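The values are calculated or read from the model by the stated rules, or taken from the named source; none is laboratory data. In this text the structure is predicted, and so the values were computed from the model without any measurement. Note that we place each Cβ from the backbone using ideal geometry, even for glycine, and neighbour counts take in every protein chain shown.
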Amino acid sequence: MKCEKCTTVISESDRYEHAGRSLCEDCYLDSVTIIRTCDPWAVHSAKNTISQAPGLTADQQRIFDHIKAGGPLTMEQICSDLGISEEEFRSNFATLRHMELATGCKKDGQVYFTLFDQPSEAGPV
Ligand SMILES: [Zn+2]
């Protein structure tokens with residue numbers, strides 16, 4: 001008999017059944033491997049989560065790091081520096097504020113965003 005994928009001649013004892021097809025050992029292993037790793041997005045997100053502060057998405061981490069490095073900053077500054085829309089910033093910042101990592105403060109009629117434990121008076125040096 002032949003492997004249904006690569007048509008290599010295989011004996012009954014070398015036959016592997018996968019998804020209703022008779023395959024040689026190589027093709028069987030290929031198929032099984034592909035199934036195990038066919039969700040690169042899940043692997044990708046898992047890797048991201050490990051290297052970050054717990055619970056933060058990549059965007060939230062970027063916003064947090066940016067405010068930490070250069071805050072207090074206005075929404076316009078953060079959006080143009082990071083290349084995100086106001087809507088993206090708002091939804092991500094809501095999470096940072098909810099986690100008490102960052103907060104907003106008003107200065108000279110402008111809203112500035114700063115870290116939660118960073119005094120609002122302490123501007124960039
Ligand atoms: Zn094969």
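The figures follow:
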read-out	value
Cβ-Cβ under 6 Å pairs, at least 6 apart or on other chains, region 21-32 side among the aliphatic types (A, V, I, L, M), far side more than 8 Å from the ligand (Cβ to nearest atom)	LEU23/TYR16
Set GLY83, GLY109, GLY104: member being loosely packed, with under 15 Cβ neighbours inside 10 Å and touching a Lys or Arg at 6+ places or on another chain (Cβ under 9 Å)	GLY104
The one condition in (1) within 16 Å of the ligand (Cβ to nearest atom); (2) surrounded by fewer than 14 Cβ atoms within 10 Å (Cβ to Cβ); (3) modelled with pLDDT of 90 or more that LEU23 fails to fulfil	(2)
